[in-house]
Amino acid sequence: SGSSKYTGIVEDCCCDYETVDSINEEVLHPILQELVTTPFFRYFKVKLWCDCPFWPDDGMCRLRDCSVCECPENEFPEPFKKPFHGLPSDDLICQEGKPQAAVDRTLDSKAFRGWVEIDNPWTYDDETDNAEMTYVNLQLNPERYTGYVGPSARRIWDAIYTENCPKYPTGDFCPEKRVLYKLISGLHSSISVHIASDYLLDEATNLWGQNLELLYERVLRHPDHVKNLYFTFLFVLRAVTKAADYLEQAEYDTGNSEEDLKTHSLVRQLLYNPKLRAACPLPFDEAKLWQGESGPELKQEIQKQFRNISALMDCVGCEKCRLWGKLQVLGLGTALKILFSVDGQNQLNQPLQLQRNEVIALGNLLNRLSESIQFVRETGPAAEKIMERQ
Ligand code: FAD
């Protein structure tokens with residue numbers, strides 16, 4: 001078993017594919033699967049209202065039937081109330097309205113109360129006073145197939161790739177830009193893997209299952225998509241291990257002492273795992289980047305591009321996709337922050353400061369990537385066999 005097609009060192013990283021597969025299966029995946037169910041990690045604070053700064057005359061969010069958006073009537077400028085003619089009419093099928101695209105906001109009130117009662121230093125910033133923020137129980141909202149397809153979805157990916165990580169001819173692609181491209185591509189692969197692993201096979205009977213053809217078509221067929229998934233995983237893993245001392249000392253209190261002790265113990269198992277540290281001590285070597293003459297300007301440019309990508313998440317016309325898009329982009333942004341200083345300046349000596357939500361995003365992103373690697377490893381060879389026979 002195993003995705004034996006991939007051998008050698010993951011490009012731009014420091015560990016090989018076989019090692020990634022084994023540390024994931026034996027160490028990371030089991031710990032992360034448990035970690036994300038803990039009260040600290042399962043609630044994510046997010047603004048789910050679509051507030052797309054791009055395409056001002058367009059956007060699924062403005063379709064009036066998209067009831068999940070719960071946009072107050074008076075917030076609709078008059079022109080948006082008219083039927084929209086910009087996209088083919090079947091695109092008007094409201095992605096938001098599909099039951100599988102909607103976010104379940106049911107909250108475990110006990111855990112929620114813990115959050116309010118405890119004054120956590122991580123959550124004071126711009127995140128506290130915003131009435132549009134909601135807490136979402138991620139366990140009730142798995143990332144999976146939602147029916148979000150067509151021009152609206154395609155446009156977001158196109159904008160991300162063409163505007164923010166342009167594909168340079170390989171030789172001309174500086175390593176820093178290649179990193180950004182690969183991070184996004186790896187995240188895209190992971191999203192596709194989750195769609196394939198939990199797909200609505202039959203709408204009439206509400207039958208969910210694996211879609212191996214989709215896995216093959218979107219991911220396995222393109223070795224780069226698979227390789228970028230491994231790259232992104234190692235990059236995020238490096239950020240987590242680099243921030244180990246900070247994460248070890250962080251406050252995981254949610255008001256449920258038994259559960260919180262478990263959370264802390266799992267975090268410690270993840271951060272200081274001897275097996276992991278021996279097998280892959282440096283998953284990614286960030287010290288090699290930004291060394292050129294134009295390092296500081298390049299960093300600012302890439303930071304701006306990443307901020308654009310994060311703003312694009314507000315244009316995702318499917319609530320659940322927006323939730324996971326925002327969480328995972330915040331997770332990547334947190335990894336970038338840990339590895340490449342606090343802002344675009346050379347302030348590497350500044351002590352690391354993370355917000356609670358950033359830690360939640362980082363942990364959940366790492367778990368998603370770990371699940372994707374596990375699924376590709378377990379299912380990939382069989383899917384390839386089936387598809388290549390056809
Ligand atoms: P897409 O996945 O849309 O890909 C578009 C093009 O990008 C491809 O043709 C290819 O040229 C290129 N591409 C594809 N994969 C990669 C890669 N790994 N690296 C580099 N280039 C690549 N749908 C759901 O069902 N559930 C979700 O949770 C979900 N979340 C989403 C989150 C975001 C932020 C976005 C933008 C979309 C999300 N979608 C989700 C939609 C989903 O990603 C696809 O866009 C949709 O299923 C249509 O797929 P497609 O076959 O057109 O190819």
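The values are calculated or read from the model by the stated rules, or taken from the named source; none is laboratory data. None of the values given here were measured: they were computed from a predicted structure. Note that each Cβ is placed from the backbone with ideal geometry, even for glycine, and that neighbours are counted across all protein chains shown.
Within the stretch 209-261, restricting attention to residues that are at pLDDT 95 or above and among the aromatic types (Phe, Trp, Tyr), which residue is surrounded by the fewest Cβ atoms within 10 Å (Cβ to Cβ)?
Only one residue fits best here, namely Tyr216.
Counting residues that are within 12 Å of the ligand (Cβ to nearest atom), buried (at least 21 other Cβ atoms within 10 Å of the Cβ) and touching a residue at least 60 places away in the same chain (Cβ under 8 Å), which helices (runs of 4 or more DSSP H) fully inside the stretch 267-348 reach at least 1? Give the steps one after another, and end with the answer.
On the way: elements: 274-279, 295-312, 319-339.
Qualifying helices (runs of 4 or more DSSP H): 295-312, 319-339.
With respect to the numbered conditions (1) in contact with a Leu (Cβ under 7 Å, 6 or more places away or on another chain); (2) touching a residue at least 60 places away in the same chain (Cβ under 8 Å); (3) more than 7 Å from the ligand (Cβ to nearest atom), which one is the sole condition not fulfilled by Ser189?
Among (1) in contact with a Leu (Cβ under 7 Å, 6 or more places away or on another chain); (2) touching a residue at least 60 places away in the same chain (Cβ under 8 Å); (3) more than 7 Å from the ligand (Cβ to nearest atom), Ser189 violates only (3).
Restricting to the stretch 223-266, and then to whatever is among the β-branched types (Val, Ile, Thr) and away from the ligand (no atom under 16 Å from the Cβ), can you tell me which residue is nearest to Ser190 (Cα to Cα)? Working first, answer last.
To start, the set of residues in the stretch 223-266 that are among the β-branched types (Val, Ile, Thr) comprises 226, 232, 236, 240-241, 254, 263.
From what's left, away from the ligand (no atom under 16 Å from the Cβ): 240-241, 254, 263.
Working: Val240: 18, Thr241: 21, Thr254: 30, Thr263: 25 Å.
Per the criteria, the residue is Val240.
Could you list, in sequence order, the residues of the stretch 139-161 that are more than 15 Å from Leu312 (Cα to Cα) and within 17 Å of the chain's Cα centre (by Cα)?
Matches in the stretch 139-161: Gln139, Leu140, Asn141, Pro142, Glu143, Arg144, Tyr145, Thr146, Tyr148.
What residue, of Ile386, Ile373, Ile360, is under 18 Å from Lys182 (Cβ atoms), in contact with a helix residue (DSSP H, G or I) (Cβ under 9 Å, 6 or more places away or on another chain), aliphatic (A, V, I, L, M) and in a helix (DSSP H, G or I)? Reasoning before the result, please.
On the way: Ile386 fails: under 18 Å from Lys182 (Cβ atoms); Ile360 fails: under 18 Å from Lys182 (Cβ atoms).
Exactly one of Ile386, Ile373, Ile360 is under 18 Å from Lys182 (Cβ atoms), in contact with a helix residue (DSSP H, G or I) (Cβ under 9 Å, 6 or more places away or on another chain), aliphatic (A, V, I, L, M) and in a helix (DSSP H, G or I), namely Ile373.
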